[in-house]
1. According to a simple spin-label model (label point 7 Å from Cα along Cα-to-Cβ), what is the distance in nm between Glu215 and Arg65?
2. So, taking all protein chains as they sit and a 1.4 Å probe, how much accessible area belongs to Val198, in Å² rounded to tens?
3. Tell me the accessible surface of Asp104 in square angstrom (1.4 angstrom probe, heavy atoms of protein chains only), to the nearest ten.
4. With all protein chains present and a 1.4 Å probe, how do Lys392, Lys341 order by accessible area, largest first?
5. For the chain, what's the relative contact order in percent, using C-alpha pairs closer than 8 Å and at least 6 residues apart?
6. Largest first and to the nearest Å, give the Cα extent of the range 45-191 along each principal axis.
7. Just grab the label-to-label distance for Asn742 and Ser234, each label 7 Å out from Cα along the Cβ direction, in nm (one decimal).
8. At 1.4 Å probe size, with every protein chain present, just tell me what the per residue accessible area of the chain comes to in Å².
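The values are calculated or read from the model by the stated rules, or taken from the named source; none is laboratory data. Only a predicted model underlies this, so the values are computations on that prediction, with no experimental measurement involved. Glycine also receives a Cβ, built like all others from the backbone with ideal geometry; neighbour counts cover every protein chain displayed. Just so you know, the surface numbers come from the protein's heavy atoms only, side chains and all, with ligands and any DNA or RNA stripped out. Shrake-Rupley method; radii C 1.70, N 1.55, O 1.52, S 1.80 Å.
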Amino acid sequence: MIELDRAPASPDSMSPGLSSAGAKAVLVGAPSPPALPFDVVESKIHAPAVLPGTVSRTALVNRLRAAGAFPFLLVVAPAGYGKTTLLSQWAHRDARPFAWVSIDERDNDPTVLLRHVAAALARAEPVPSTALGALRPNGERTWAKALPRLAEALASRESPFVLVLDGADVLEGDAASAVGTLVEEVPAGSMIALSGRVLPDLPIAALRAGGPLLEIGPYELAFSRREAEVLIRSAGINPSEVEIDDLVERTEGWAAGLYLAALESRDFHGNENGKPRETLEIRGDDRYLADYFRSEYLSQQTPERLTFLRRTSVLTSMSGPLCDAVLQTRDSGLELAAIEKANLFLVPLDRHRGWYRYHRLFRDLLLRELEEHEPELVPVLNQRAADWYESKGDAESTLDYAYAAGNTDSAAQILSAIAMTVCCGGRVTEVEAWLAGFDDEGQLERYPVVAVNGSRIHALRGRADQAERWLAAAERGVTNAEDGIRTRACFSVVHAVMCADGPKRMLSDAGSALADLPPGHAWHPSALLVQGAAYLLLGDDERAQPVLGAAAEAAERASRTETQALSLGEQSLLATRRDDHDEAEALAQEALHLIEEGGLAGYATSALAIAASARALLRHGQWDEARRQLTIAQRLAPNLTNALPWLAVQVRLELVRAYLTLRDRESALGLLAEVKQIRRLRPDLGVLCDELAKLQIEVEAMPQPTAGGNSGLTRAELRLLPLLSTHLSFREIGERLFVSRNTIKTQAISVYRKLGVSSRSDAIARAAEVGLVEGAPPAPVPLGQDLQSAAS
């Protein structure tokens, strides 16, 4: 039996998505074998059958079918990547005849190897009798005499062909040299394909430099999401879309890992009715995967290499110097190179063989083995890694390893120093992952600076209860903090951000913080922003403007992009209040640019600038783009809660104004309801309360939408509005817009109804009030062309 990757228990031979290599021998080539003057093992010279249900590798097969200019193909990957399956599918779909040899240890006798190669070639096209005769069992070094003749026969073949040597990585010495000779004689249009877990014993570097060489490795063999889903569902598992995405990421597209994960779920995690569970989770130390790794790889390693693998598994990425520091040894770089050469699930991270990482699932198992065999070393190894990264000035990596080592003092100190920078740089989820390690009352009180950072992030993410809990813990712990004054100042900033006691207390807290925070402090730009927002809530626009400007400048100097973008958004609101729409638009666009460049599109604080930009787009009549921006802002708005009440209300009021312009009563009312809910928890929000009352009146004055209708103006109606303010008749407007007079009349009636008016002049006046058109009065129109005459 020919088995994929030569592994008797390989999942490739078990999976319905990965064809068994020897279940049914199928010859790809001539229908009848020729008579040979020597014996061969018939099962070794058959291409494996492609079983029903096998996941089709269409893209890769098509790539191979089109690779006629490449005389030499290498398919090299660890076990379970479906190398044999791919080659078999290719053999059954390519127009050229295939000569197939499944290599095993016996083929290290070059005579045995060449006999099987000759036999496989003879099935596709006759091989000269001189080449076959030279392989008769009639003396020593038969292969040395036969090799030149077989190579000559190979070079002179008239029809293009493909010779597959599956498992060629086991060949060495004279057998490998014989293959090298054959490779050099491949005629144009034909190919020799070698597959294996590691590179074959051939001068690969010279072959790469000497001519066309096609190489396919783990990256190319990895299953796509679609292929992974087909494989998983064929195993009787029905996971969600998110779970499939997660599984593909965890397995990195490794076919065996995908299939074993499905089997694990089906066989060991059934529900109480005995049916497979509907969710998929996977770790490399799960039963099936652990058995596979141990039998196929770990059992074949030396004790020294096993020790190296286990101890370096604490590292998320590895280099020779880092491993030397962690293991307190030398020559780790050479060991990493040897592991890479052995294709031991080591993933290179650069082109210079400087940095590597283990496959995620393989690392899971190695970590479990380390914890079982040498648990006392886990904190030691992590602390050595932390020390190494600290010496390199890499604070984030130092933090990760310090925490893994149990050195919470060091981790807390680093986290407190970098949290603001990382968060404002678009990586808040990373900060949240660090903070999760401190989420208990004892830790929070012990590290109040961490607690106050966490409280700020919880507030920005809309988690009011968490923000208040962390802030209370910071307040209890700040009495023991060495830098108590600065910590209290940061506490005041967060308390001001949450505006629990109204804008006057917000202003007082911000002023207190600024008194104790020097300009170079990480929290100084945030304190300025909050102070400017407090002035704005109090209606003191003259003081708000310079403070918000200073906040934006300070944030820019400190690379606090989130704070800078929000400061610009607040200034845009002030410019709109002054009716300086050009300035408002410029500030909003500058903020949007920062949001895009800084990776802040998913931050709720970005909603203000996006909403302000949408209103500017409406003023320019760019309705489609404005609606797109409004949709984005509304998606972010749910994360703006009473944890950040002033910004939550500001954003929603801006959206209400936009929907007023669009005459979308339903959307405006929904947002107003959300504002009222926030006000029930935070009633004192200064001038925003007055703005809310005015908008409530305007929205309620809007006409009710008809049953089943859309209260907002359509694209065609918005296009019509500016033309209604001209002297043109309905017929002339229709000619300009390439539609009929009746169509224009119908659209006009709909516009009048939605604007709550009954004449053309009133429609233009109302449209000017809400910013849909410029405020100039309409020119006289021909008698009978207003709504009443047209309708009659």
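1. It works out to 2.7 nm between the two label points.
2. 40 Å²
3. 40 Å²
4. Lys341, Lys392
5. 7 percent
6. Result for the range 45-191: principal-axis Cα extents of 48, 32, 24 Å.
7. 5.9 nm
8. 43 Å²
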